[in-house]
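Encoded as C-alpha cells, the structure appears first; notes follow it.
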Amino acid sequence: MGEGSRVERFFCCGVDHNSKHCVYLITDGLVADRLVNDDATTEAALLGRIEGALKGGVRLVQLREKSLGAPALLKLATSVRALTSRYRAGLILNCSTEADLEVALLAHADGVHLPRSGPNIKTARSYLDNTLGTRA
C-alpha cells in the first residue's frame, strides 16, 4: 500500500490476516477504453493475464478500471470474480461512485477501495461490510 493508504482489515485468500504479506495484483485501468467498445479480444487478454498471475501465486486482485461504466464494470468484475474464486483469491474493486459499490455487491467482491473523492466508508458499509480501503 502506498503512503497515505489505510486498510481497516487485510483480506487475502478468504481469511482475515494479521500479517500484510500477500502477493497482490492491481489492474492499471488502461484497457477500459477498449472494453467500452466491447472489444472481446482485450477482455480475454486481460482475463488471461489475471489468470496467469493467479496461477503464479497472486492471492488478491484489485480491479482498478475507474473509467468503465457500471454495466461494463459489472461484466468484467463478474468474470474476474469467477477467476479469483477458482484460485481462492480475493477481489477488491475501486469504487468512485455509489453505482460502483452496487457493482461490487452484485459481483460478490470481497471488498472495495474508496478514493478520497468517492463514497465515504459509511455509505460503502450500507452496500457491503467487507474489506474497506481508503486513501487518506
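A short reminder: the numbers here are calculations on the coordinates, not readings from a lab. Remember, predicted model here, so these are calculated numbers, not experimental data. Ideal geometry is used to build each Cβ from the backbone, glycine not excepted, and the neighbour counts take in all protein chains shown.
Couplings 3J(HN,Hα) of the range 50-59, computed from phi: 5, 5, x, 5, 5, 4, x, x, 4, 10 Hz, in residue order, whole Hz [Karplus 6.51 cos²θ - 1.76 cosθ + 1.60, θ = phi - 60°; x for Gly and Pro]. Of the peptides 53-59, 110-116, the order by per-residue mean of other Cβ atoms within 10 Å, starting with the highest, comes out as 110-116, 53-59.
Amide H contacts of L91 (H built 1.01 Å from N, in plane; Pro and chain starts excluded): V61, D110, G111 sit under 5 Å, all sequence-distant by 5 or more or on other chains.
Multiplying the residue separation of K66 and S117 by 0.36 nm and removing their Cα-Cα distance gives an extension gain of 17.1 nm.
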